[in-house]
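The values are calculated or read from the model by the stated rules, or taken from the named source; none is laboratory data. Source: prediction; values computed, not measured. When we count neighbours, we look across all protein chains shown, and the Cβ atoms used for this are built from the backbone with ideal geometry, even at glycine.
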Amino acid sequence: MSRIWSVLLALLAGTAAAQAQSSAPSTDPGTKLAFPSTLGGAQLERSANEPGQGRGYYYMTPKRMVIAVHVYDGGRRVPAGSDNPAVVAEFAKELDVIEQQATFAGYANFERPAVSSTCVYGSVRFRCISFSAAVQANARLYGRVLMTGYHDNFVKIRIEWWPTRQQSAADADAALQAFVPALMH
């Protein structure tokens, strides 16, 4: 199971894990979002300035699920909201990256709906989608990714859960219901 955990962390970090990192500021300079040591019941595990991915913040929930938040502008001003063309295009690109990362990590049978949906956490509307991939014959990794435009930046939030660890989609949604409004109040 430790190999699976290692792969999970590598997926969350993406290619930035192999690059030099430094701690990201506790208050994001572009969005003014605060990333304290505890947020919505989750504990900050680490933060990093990640080339190409902006600033990343990684939290652990009480149920041992990782919530990753990335804040970046992609070299342009990002309009507010989840339905603008910049967010729609960036979200589609992110889904392709997640699928490539899963394949590279050796996961099989990556599944996601053909069309994303809209999720609301607190007062913020996100473009969102759930996905899953087979880790072993009897184990699947499940995840949800959210994205919106916020103060000229993309805000991407990702959570993953493992039914083999007695984690469920309901647990992930409860974690997001506590975490996101605390972050984006």
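Data table
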| read-out | value |
| --- | --- |
| Residue in the range 106-113 that is basic (K, R) and within 20 Å of Q167 (Cβ to Cβ) present | yes |
| Count of the range 172-185 residues which are within 15 Å of S130 (Cβ to Cβ) and either basic (K, R) or surrounded by 19 or more Cβ atoms within 10 Å (Cβ to Cβ) (or both) | 3 |
| Some residue of the range 159-167 being aliphatic (A, V, I, L, M), surrounded by 21 or more Cβ atoms within 10 Å (Cβ to Cβ) and touching a Gly at 6+ places or on another chain (Cβ under 7 Å) | yes |
| Flag for V88 being out of contact with any helix residue (DSSP H, G or I) (no Cβ under 8 Å at 6 or more places or on another chain), over 17 Å from G54 (Cβ atoms) and modelled with pLDDT of 95 or more | yes |
| Any hit, the range 127-143, residues being of a type outside the set (D, E) and at positive phi | no |
| In the range 63-92, the residues that are surrounded by fewer than 21 Cβ atoms within 10 Å (Cβ to Cβ) and either assigned to a loop (DSSP other than H, G, I, E, B) or among the polar types (S, T, N, Q) (or both) | K63, R64, D73, G74, G75, R76, R77, P79, A80, D83, N84 |
| Close pairs from the range 74-92: first at negative phi and of a type in the set (D, E, K, R), partner surrounded by 14 or more Cβ atoms within 10 Å (Cβ to Cβ) and part of a loop (DSSP other than H, G, I, E, B), Cβ under 8 Å, at least 6 apart | E90/G74 |
| Hits in the range 102-154 - residues which are under 18 Å from L33 (Cβ atoms), part of a strand (DSSP E or B) and more than 18 Å from the chain's Cα centre (by Cα) | D152 |
| Qualifying positions in the range 1-59 - at pLDDT 90 or above and β-branched (V, I, T) | T27, T31, T38 |
